[in-house]
Amino acid sequence: MENTNIYEILKKRELIQQITFEDEFKNLVSNEKTHVYLGIDPTADSIHIGHFIPLMMMSYFQKCGHTPIILIGGGTAFIGDPSGKTDMRKMLSKEDISKNVDNIIKQVSKFVSFEGNNAAIIVNNGDWILDLNYMEFIRTYGVHFNVNRMLSAECFKQRMEKGLTFFEFNYMLMQSYDFLKLFENYSCKIEIGGDDQWSNMLSGVELIRKIHKDGSFCITCPLLLNAEGKKMGKTVNGAIWLDASKTSPYEFYQYWRNITDTEVRDVLKMLTFIPMEEVNRLSSLEGEKINDAKKIAAFEITKLIHGENAAIESKKISEDLFENQSDNNNMPKITIDSSSLLKDGLNILDILIKSNIVPSKSQGKTLILQGAISLDEEKITDPLYIVPISSFDKGFIVLRKGKKIFIKIELI
RNA sequence: GGGUAGGUGCCCGAGUGGCUAAAGGGGGCAGACUGUAAAUCUGUUAGCUUACGCUUACGAUGGUUCGAAUCCAUCUCUACCCA
């Protein structure tokens, strides 16, 4: 990468939503290489789309010569960030958290490198938060936090209606303390995060400036919102995960392939490394042509997370299914034990359940009556339909739900 | 500690003894139309059963009743007001 000015890169890619002391920040990054930190809560065993953009940002920072610090919130996970939540998050046990941490590190390594001069560093805030002495903490740091100000922060305002416990209220102090610790231990001067973290991050910057009279900064990236203004990455089955065992590469690819037209530009610019000129060209394609841009986006993002082979394979599956109309060996498949067969075949509803296409027979029945289920490209209209054994003569059958969900079923 | 209002399906929210598997909206899924898009229109959205129907469900437990989301008691949780 020729340009190593992180500020210019982020600006160009429109990755900066809010930033503190913009001019000072510009000076800092053009004159020195510093440490940059991103906090991730180990509240799930995989990271999700919400972490994607900050991680992209981190990747740019590293490429520009800065050193990433990934802070795992092993300590703060006990609290749970109240931002944007209407209910208190479930607290996790120590065992769960440490299990999650391992997975998260693996996924983070797709974005940042742990080798080289500015190898990324992993830290766990449990190391300094869990043995804090309460009195000492509130006397030394608590005095710097003004409750009136905290209450005016957007993230707490929302919670004021539903109720906010003191326990959660402390999240901001903890996060600020993290930044302070990293500032002291690593001279880390920059914190990055999603825009929903702005007030928490800001309070860290203020704390450092109060105690050390020295410059620290935070930058937030835009949240990835879908056309309805909601956070992207949610599906019926829950979130889209970066872990292949939770969201298969094919599903992952499909998610990005199916974004709406208006989301294309955001996705390309924020989630891929495609040069901005190309991003602009692709996202200005009109009508049907924009599908090409979606394919590229889906491919690039899948490649980034799951590797080139998985991306190629996912692309191939999807082309075969949707464009060539041919069966494919790569189609998601399941096998059914032949011992579960009836004498004359297998009930269609049972197959639907076994293949996890529907969660219950009632729903399967509804779908069949609505004409949503087809078998080997023939619509099934009778919920009592028995799939004859002869259907399996060619070795498998292809079941389809709606337009987009295909599954190949083999008999063993 | 005292008072008040509440806890209903994935979410919001109506319902205040039988017509209630529970209005309405959102979301989801599906059908039509399309570009694997959006918008729109339509259907559907607890489980089991071929079906009659049965089972589970309106914070928890117990009770009143032929019959309860609905009445009573106790408990629990939440918000607000007063301290």
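Six or more apart or on different chains, Cβ atoms under 8 Å: show the pairs whose first residue is in the stretch A:354-376 and more than 8 Å from RNA strand B (Cβ to nearest atom) and open to solvent by less than 40 Å² (accessible area, probe 1.4 Å) and whose second is among the polar types (S, T, N, Q) and not in a loop (DSSP other than H, G, I, E, B).
A:L375/A:S391
Return the residues of the stretch A:163-179 that are within 16 Å of RNA strand B (Cβ to nearest atom), under 27 Å from the mean Cα position of the chain (by Cα) and not in a loop (DSSP other than H, G, I, E, B); say none if nothing qualifies.
The initial filter retains those residues of the stretch A:163-179 that are within 16 Å of RNA strand B (Cβ to nearest atom), namely A:163-171.
When the remaining residues are screened for being under 27 Å from the mean Cα position of the chain (by Cα), the result is A:164, A:167-171.
Hits for the stretch A:163-179 are A:F167, A:E168, A:F169, A:Y171.
Being out of contact with any Ser or Thr (no Cβ under 7 Å at 6 or more places or on another chain), modelled with pLDDT under 75 and not in a loop (DSSP other than H, G, I, E, B) is the filter; apply it to the stretch A:61-104 and report the residue that is nearest to RNA strand B (Cβ to nearest atom).
Only one residue tops the list, namely A:F78.
Taking the condition of being in contact (Cβ under 8 Å) with a residue 40 or more places away in the chain and under 16 Å from A:P54 (Cβ atoms), how many residues in the stretch A:102-120 meet it?
So the count comes out to 7.
Kindly list, by first and then second residue, each pair from a residue in the stretch A:377-389 that is within 15 Å of A:G345 (Cβ to Cβ) to a residue that is in a loop (DSSP other than H, G, I, E, B), limited to pairs with Cβ atoms under 9 Å and residues at least 6 apart or on different chains.
Hits for this filter: A:I380/A:G371; A:I386/A:L342; A:I386/A:D344; A:V387/A:I380; A:P388/A:D344; A:I389/A:L341; A:I389/A:D344.
Answer yes if at least one residue in the stretch A:317-330 is surrounded by 14 or more Cβ atoms within 10 Å (Cβ to Cβ), modelled with pLDDT under 85 and more than 30 Å from A:K110 (Cβ to Cβ), and no otherwise.
Scanning the stretch A:317-330 turns up at least one residue that is surrounded by 14 or more Cβ atoms within 10 Å (Cβ to Cβ), modelled with pLDDT under 85 and more than 30 Å from A:K110 (Cβ to Cβ).
Hey, could you check the stretch A:196-225 for residues that are modelled with pLDDT under 90 and in a loop (DSSP other than H, G, I, E, B) and say which is farthest from A:F183 (Cα to Cα)?
A:L224
Starting from residues that are in a loop (DSSP other than H, G, I, E, B) and surrounded by 12 or more Cβ atoms within 10 Å (Cβ to Cβ), keep the ones in the stretch A:389-412 and report whichever is farthest from the chain's Cα centre (by Cα).
A:G402
Of the conditions (1) of a type outside the set (F, W, Y); (2) open to solvent by 10 Å² or more (accessible area, probe 1.4 Å); (3) assigned to a helix (DSSP H, G or I), A:L182 clears all except one; give me its number.
In the conditions (1) of a type outside the set (F, W, Y); (2) open to solvent by 10 Å² or more (accessible area, probe 1.4 Å); (3) assigned to a helix (DSSP H, G or I), A:L182 misses (2) alone.
Return only the number of the condition from (1) within 14 Å of RNA strand B (Cβ to nearest atom); (2) more than 27 Å from A:S248 (Cα to Cα); (3) at pLDDT 80 or above that A:V387 does not satisfy.
The single condition A:V387 does not satisfy is (1).
The values are calculated or read from the model by the stated rules, or taken from the named source; none is laboratory data. Since we're looking at a predicted model, the values are computed, not measured. FYI the Cβ positions are ideal-geometry reconstructions off the backbone, even for glycines, and counts take in every protein chain you see. Quick note on the areas: whole protein, heavy atoms, side chains included, nothing else; ligands and nucleic acids left out. Shrake-Rupley method; radii C 1.70, N 1.55, O 1.52, S 1.80 Å.
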